[in-house]
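The values are calculated or read from the model by the stated rules, or taken from the named source; none is laboratory data. In this text, all values refer to a predicted model and were calculated from it rather than measured experimentally. Every residue, glycine as well, gets a Cβ built from its backbone with ideal geometry; the counts of neighbours run over all protein chains shown. For accessibility, only protein heavy atoms count, side chains too; no ligands or nucleic acids. Shrake-Rupley method; radii C 1.70, N 1.55, O 1.52, S 1.80 Å.
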Amino acid sequence: MKQKIGRSYIKCRLKWIAAVTGCGIVMTAVLFLNEVPAGEIAYGMLLCLGILLLAVTMDRISYGRRHRELFALRQSITVSLENLPEPAEILEEDYQQLLGLLAEEKMRIWNTAVSEKRDLMEYYTMWVHQIKTPIAALKLLIEEEADIPGEEEPLGEDRESLQQQREKRRDEELQQLFAIEQYVNMALSYMRLGSETTDFVLRQTDLDEVIRMAVRRYARHFISKKITLHYEETGARVLTDEKWFGFVIEQLLSNALKYTHEGSITIGMEEGRLTITDTGIGIRAEDLPRVCEKGYTGYNGHANQKSTGIGLYLCSTILKKLGHSFTITSQEGTGTRVMIGFPEES
């Protein structure tokens, strides 16, 4: 180790040693040419050599000590640079500042990773509890259906009543299956948005076709809740990703149906923006600025145990990535309106 430190020191100070040696040779030659006695020249050179050796020895000891301090610090340092020795020169100070910037960036990346991991764990924990509900409900419905006798069918009004019960139960089963599918799609979308790459494919898309597909998926919910749908075709073609934009429309319809207990939902086009308006319970003024934050459910979300606080966050994030504007206006007790704007080239 000492030999390695010695070689490193000589390599580091070689230019200065060579410069001092060269100066000594030049001075000796000048004195000799000026006929200065050789004894005096030798005496002066010995004094200079002694001073030089003393300075080199002290510098070499200091060099080795700093190396040992840094080596010992390397065994214990983590992310803090507080225990670094005081810089002996401005270059060392520059290097320590660079190390400080790297340590700060490392800490920022670490905190971001920890935060993202915590968010994922919280979401999937909540998702597991959410999906248990439709699975348990579906299991119960299937068990109840198995208890209904099927060999001897009643006649008349009893038969019709039994048929209605079966249709109602089947409708509930399908809705629970749809809820499971919706939760799975949300989880997949959440994962894809958090990845480094996405599968966005922007192209001119028939807006009405995307809306009709979303409405068809929720047709059973409109019927079961007796919510009226008002929809006028927009006739618009927009630059978007059909799959991701369809997911957004479905989420917005799901929210509108979830918080609308009676009345209607209206889909239309106003001033080049797609609007979805419901006559639901609305959003409190203090909750409105935060409804698109991840995990934020607000007062109505706390009242509705099925709220995850992820739907509007996903909608907002997706629309931002697609280059679409997203605005929500609402009045508590009256209803909510969401507006989606499209790029001018659409």
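The table below lists the values:
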quantity	calculated
Listed peptides 255-262, 25-32 by packing density, highest first (mean Cβ within 10 Å)	255-262, 25-32
Pairs beyond 27 Å (Cα-Cα), from LYS168/LYS243; LYS132/LYS168; LYS132/LYS225; LYS225/LYS321; LYS117/LYS320	LYS168/LYS243; LYS225/LYS321
Estimated vicinal HN-Hα couplings, Hz - segment 311-322 in sequence order (Karplus 6.51, -1.76, 1.60; Gly, Pro = x)	x, 5, 4, 4, 4, 4, 5, 5, 5, 5, 5, 7
Exposure ranking of CYS315, CYS23, CYS292 by accessible area [1.4 Å probe, largest first]	CYS23, CYS292, CYS315
Dipole magnitude (debye, nearest 20) for segment 237-285, charges at Cβ of Lys, Arg, Asp, Glu	100 debye
Charge dipole magnitude, Cβ of K and R +1, D and E -1 - segment 181-287, Cα centre, debye nearest 20	380 debye
Gyration tensor verdict on segment 200-295 (Cα atoms; rounded if a/c is under 1.5, prolate if a/b is larger than b/c, oblate otherwise)	oblate
Only Lys, Arg (+1) and Asp, Glu (-1) charged, at Cβ; segment 1-73 dipole about Cα centre in debye	740 debye
